[in-house]
Each structure stands twice: as C-alpha cells, then as structure tokens.
1. Where Rh denotes the Kirkwood radius from the mean inverse Cα pair distance, what is Rg over Rh for segment 71-121?
2. With only Lys, Arg, Asp and Glu charged, each at its Cβ (+1 for the first two, -1 for the last two), find how big the charge dipole of the chain is about the Cα centre; round to the nearest 20 debye.
3. Can you list residues whose amide H is under 5 Å from E90's amide H, if they're 5+ apart or on another chain and H is modeled 1.01 Å from N?
4. Of F101, F42, F17, how do they rank once you tally other Cβ atoms within 10 Å and put the fewest first?
5. Going by C-beta contacts inside 10 Å, put Y129, Y22, Y27 in order with the fewest on the left.
6. Would you calculate, for the chain, the mean residue ellipticity at 222 nm contributed by helices, counting each DSSP H stretch of 4 or more residues as -39,500 (n - 2.57) and dividing by all residues, to the nearest 500?
7. With 5 Å bins from zero, work out the P(r) of the chain over every alpha carbon pair and list the percent per bin.
8. Would you mind ranking S33, S52, S115, S7 by Cβ crowding within 10 Å, fewest neighbours first?
Amino acid sequence: MELQHVSPAWKAPAQAFTGDVYVTPIYAGTGPSRMTIALVRFTPGAHTNWHSHAVGQTLHVAEGVALVGTRDGRVVRARAGDTVICPPNEEHWHGAPADTFAAHLAMLEAEPDGSDPTTWLEPLPDEQYARANGA
C-alpha cells in the first residue's frame with residue numbers, strides 16, 4: 001500500500017480548452033500499469049477541443065452535469081454518478097453546460113513511454129456547443 005498526497009491542480013491550456021478548466025492529477029501508473037486518472041473541473045461553459053485517445057477514455061462524472069459529444073452530432077448529458085466510455089480513436093469533446101459546473105474523473109492509458117496519448121484537434125465551434133446546450 002502507498003499513500004499519495006494530493007497533487008497541485010493546474011489550469012488546462014487554452015490551446016486545448018475553451019473557458020476555465022482545472023486539472024488535479026490523481027494517479028499516473030508505473031509499469032506495468034499505464035493508467036492515468038485526473039479530476040477535471042469545468043466552469044460553466046468550459047469544454048475541451050475535439051480530441052481522441054488511441055485506447056479510449058472513460059469519464060466518470062463526480063459532480064454536476066457533463067456534456068460529451070461525438071462527430072456524428074450525438075451529445076449525452078451525464079449526471080453525477082454516470083460514466084461515459086469513449087472508444088479508441090473516437091473523436092469527441094466534453095465539458096460543462098453553459099449554466100452549471102461539471103467535474104469528472106478522466107481515466108485513460110498513457111503511451112508506453114508515459115506520454116499523453118491524446119490527439120488534440122480543432123476547437124469545438126460555438127454554434128455546435130450552443131446546440132449541445134439546447135439553444
């Protein structure tokens with residue numbers, strides 16, 4: 001058993017996120033595990049750019065409501081306690097609705113060298129985000 005103390009949170013970079021998003025690292029596996037877990041907090045209206053993960057990503061909503069959208073236009077509203085599984089290489093985005101906060105655990109596998117397996121793409125268009133909010 002090993003106790004790991006809370007890591008400092010950091011503000012997510014503007015080149016991959018819209019709005020204020022804060023990330024608290026929780027776990028970074030060491031061989032043979034490559035699991036990484038972070039608590040990601042989105043302020044109202046904040047969301048990721050389009051992106052994908054080589055071996056997928058699991059999002060467990062810890063607080064509030066999270067929006068998760070895919071290229072085909074599907075958007076799910078996941079509430080605290082819900083889990084959304086994004087399969088390998090599926091281009092998606094996630095974040096908070098315009099009127100509430102969201103927090104989720106983001107779980108994925110790092111690359112064999114420990115690097116981030118995320119392929120970041122273009123920002124989500126404002127009109128598409130507005131549609132996801134029901135505007």
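1. My calculation of the ratio gives 0.98.
2. Working: 8 positive and 15 negative charges, 59 e Å.
Dipole size: approximately 280 debye.
3. Under 5 Å from the amide H of E90 lie the amide H atoms of H53, each far enough along the sequence or on another chain.
4. F101, F17, F42
5. Y27, Y22, Y129
6. So the calculated ellipticity at 222 nm is -1500 deg cm²/dmol.
7. Percent of Cα pairs in each bin: 2, 11, 20, 25, 22, 11, 6, 2, 1, 0.
8. In order of increasing Cβ crowding within 10 Å: S115, S33, S7, S52.
Every number here is computed from the coordinates shown, using simple stated rules; none is lab data. Everything numeric in this text was worked out from a predicted model, so none of it was measured. All Cβ positions, even for glycine, are placed from backbone atoms using ideal geometry, and neighbour counts span all protein chains on display.
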